[in-house]
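The values are calculated or read from the model by the stated rules, or taken from the named source; none is laboratory data. Because the structure is a prediction, the values reported are computed rather than measured. Ideal geometry is used to build each Cβ from the backbone, glycine not excepted, and the neighbour counts take in all protein chains shown. Only protein heavy atoms, including side chains, enter the accessible area calculation; ligands, DNA and RNA are left aside. Shrake-Rupley method; radii C 1.70, N 1.55, O 1.52, S 1.80 Å.
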Amino acid sequence: MRKKIIYTFYLLLTLFSMRIWAQQKAHNPIIFADVPDISMIRVGDTYYMSSTTMHMSPGVPIMKSKDLVNWELVSYAYDRLSETDNMRLEDGKRTYGKGSWASTIRFNKGTYYVSTFAQTTGKTYIYSTENIEKGPWKAIEFEPMMHDHSFFFDDDGKAYMLYGGGKLKLVELKEDLSGIKPNSEVIAIENASAPSGDNIGLPAEGSQLFKVNGKYYLFNITWPKGGMRTVVIHRADKLTGPWEGKIGLQDLGVAQGGLIDTPNGEWFAYLFRDYGAVGRIPYWVPVKWENDWPVLGVNGKVPEILDLPANQSLIPGIVDSDEFTRKKGDRALPLVWQWNHNPDNKLWSVTERKGFLRLKTGRIEKDFLQAKNTLTQRTIGPVSSGITLLDVSKMKDGDFAGLTLLQKDYGQLGVRVEGNEKYIVYINASGGTSKEEEKIKLSRNTVYLKAECNFREKKDTAVFYFSSDGENWKQVGNSLQMKYTIPHFMGYRFGLFSYATKTVGGYADFDFFRISNASIE
């Protein structure tokens, strides 16, 4: 009996110790938020990562980490991709789900480079700076648009791009990077999808090219029909091949990314996973080298726990609250904020009324998704909430302002002015059809608005509330069934909006925006 008691005690002690150990280590997903198409470098002991935000402005976010786990936004490669009508939401045009896509980040001879491409303009872009956190960034653009390219500097100083889907092509760039060197294009791999079989839904794309110990390694994603997103790895002794390929990982649909090493010689693959309405979320997978091949995962699986420092909150590094108070030298808007398409900078301010974000109307809108100057930041998982306090005293007849969860199937809770009356209005666009589900008369000039999101196990629901005092909340309408849709190609975002439907010149003042990842019951 005594031996049984001792055994039980040691078993419980072991389990407790394992739990404490797990709490002190990193866990997947590394970032429970929409940070897709990641590319990464290490410069000394600092990691830098770029990602995709498509139609948002500014674009191509740059994140920094010292431990490979906890990241903070430090820059964007550009403020505005272009001044096309699509990017400016003009003449009924828009570019949801397009803008700039998968980027490559590189460091070469003291200069940082970020390359990307855009369906919106049909061009390839290379941005460069000597100071990745402070800029300034120099921009080069040229045709054609090289889909899902990997920008690569070889040891001889020459620059290349490998790009395409299924059939992958390699081009050498001009010495000044201003375009493709004439007659340099070759087919690198005729059918890069082949390791995944011949029943392919998504041909090999998302190329990321690396050189390790004299050999070239190429990462791609494929998606076999009836299967899951799959990592395919090719290896060659020369850039032009011949290339040999194999499946690198096939688990949980975690795929698309590349390789990174730590200062002490450990290796990881950085990848991402489709995770419903919150978006495409990053996962890291340990890598071992066998026979000059990177071997991903633990027994071929994506581990939950990693031998890296523990994850901290995504607040304030990736998302953050904002009281809209600014001191001398502060950015007008912290990096966590991005506009939905290019903003009209005449129609917003954080200085006209100290401690407030002012959104002014400048044209008549018929469609919320066409409205200018919706200011957004990511939702985060597994749960998150956003709260704002709205002052509606200077809104005009027909104006609508408030808090949104932005995607094609959006939700809006705000105040709409109708003649001399003001109403709290809740719009639910679940299923793709915009419906006014509740309308409540407002007898005051301020109101608190809140949205709560639940992404646990892809539940993907959100509930909206309003309050007169910020403490006692009343739910409005039905919950929003959030859905990740390809037209927007982006996880849901909290957004602050204000637009006119009858006459321009009014404005709405937002006292603050506060984001939380506290548990939602």
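Quick notes on this one:
- Sequence-distant residues sharing a close amide H with Tyr410 (under 5 Å, placed H): Ala429
- Region 376-521 pair-distance distribution - Cα-Cα, 5 Å bins, rounded %: 2, 10, 20, 24, 21, 13, 7, 2, 0, 0
- 3J(HN,Hα) couplings calculated from phi for region 202-207 with the Karplus curve 6.51 cos²θ - 1.76 cosθ + 1.60 (θ = phi - 60°) are, in sequence order, 9, x, 3, 8, x, 4 Hz; Gly and Pro show x.
- Rounded, prolate or oblate (a/c below 1.5 giving rounded, otherwise prolate when a/b exceeds b/c) for region 52-116 by Cα gyration tensor: prolate
- Computed magnitude of the charge dipole of region 182-308 (debye, nearest 20; Cβ of K, R +1, Cβ of D, E -1): 120
- In this structure, Asp198 and Lys301 have a Cβ-Cβ separation that, at R0 = 22 Å, corresponds to a calculated FRET efficiency of about 0.30.
- Environment charge of Arg416, counting only residues whose C-beta is closer than 13 Å and scoring Lys/Arg +1, Asp/Glu -1: -2
- Note: relative contact order over the chain, using C-alpha pairs below 8 Å and six or more positions apart, is 14 percent.
- Protection-proxy order for peptides 282-291, 266-275, 378-387, 468-477, each taking the mean of Cβ atoms within 10 Å per residue, highest first: 378-387, 266-275, 282-291, 468-477
- The lysines within cross-link reach of Lys366, meaning a Cα-to-Cα straight distance under 20 Å and a gap of 8 or more places when in the same chain, are Lys93, Lys396, Lys408, Lys422, Lys435, Lys439, Lys502.
- Karplus-derived HN-Hα couplings along region 409-417 (A = 6.51, B = -1.76, C = 1.60, θ = phi - 60°), whole Hz, x at Gly and Pro: 8, 7, x, 9, 10, x, 10, 10, 8
- Carbon/sulfur fraction of accessible area - region 417-519, other protein chains in place, 1.4 Å, %: 41
- Length-normalised contact order for region 311-438 - Cα pairs under 8 Å, 6+ apart - percent: 15
- Peptides 222-233, 490-501 ordered by packing proxy, namely the average of other Cβ atoms within 10 Å per residue, highest first: 490-501, 222-233.
- Normalised by the number of residues in region 63-115, the mean separation of alpha-carbon contacts (under 8 Å, six or more apart) gives a relative contact order of 18 percent.
- Tilt relative to the chain, helix 2-23 - C-alpha long axis, 0 to 90 degrees, to 10: 70
- Average accessible area per residue (Å²) across region 468-521 - probe 1.4 Å, nucleic acids and ligands excluded: 46
- Sequence-distant lysines (8 or more away, or on other chains) whose Cα lies within less than 26 Å of Lys181: Lys109, Lys123, Lys138, Lys158, Lys167, Lys169, Lys211, Lys215, Lys238
- Listed residues Gly432, Gly265, Gly206: farthest to the positive end of the dipole of the chain (Cβ charges): Gly432
- The residues packed around Asp322, meaning those with a beta-carbon under 12 Å from its beta-carbon, carry a net charge of -1 if Lys and Arg are +1 and Asp and Glu are -1.
- Where (i) 41, 30, 20; (ii) 36, 25, 24; (iii) 46, 26, 22 are the candidate values, the label of the one calculated here for semi-axes √(5λ) of the Cα gyration tensor in Å is (i).
- Listed residues Gly241, Val504, Ala192: farthest to the positive end of the dipole of the chain (Cβ charges): Val504
- Placed amide H near Val383: partners under 5 Å, 5+ positions off or other chain: Phe455
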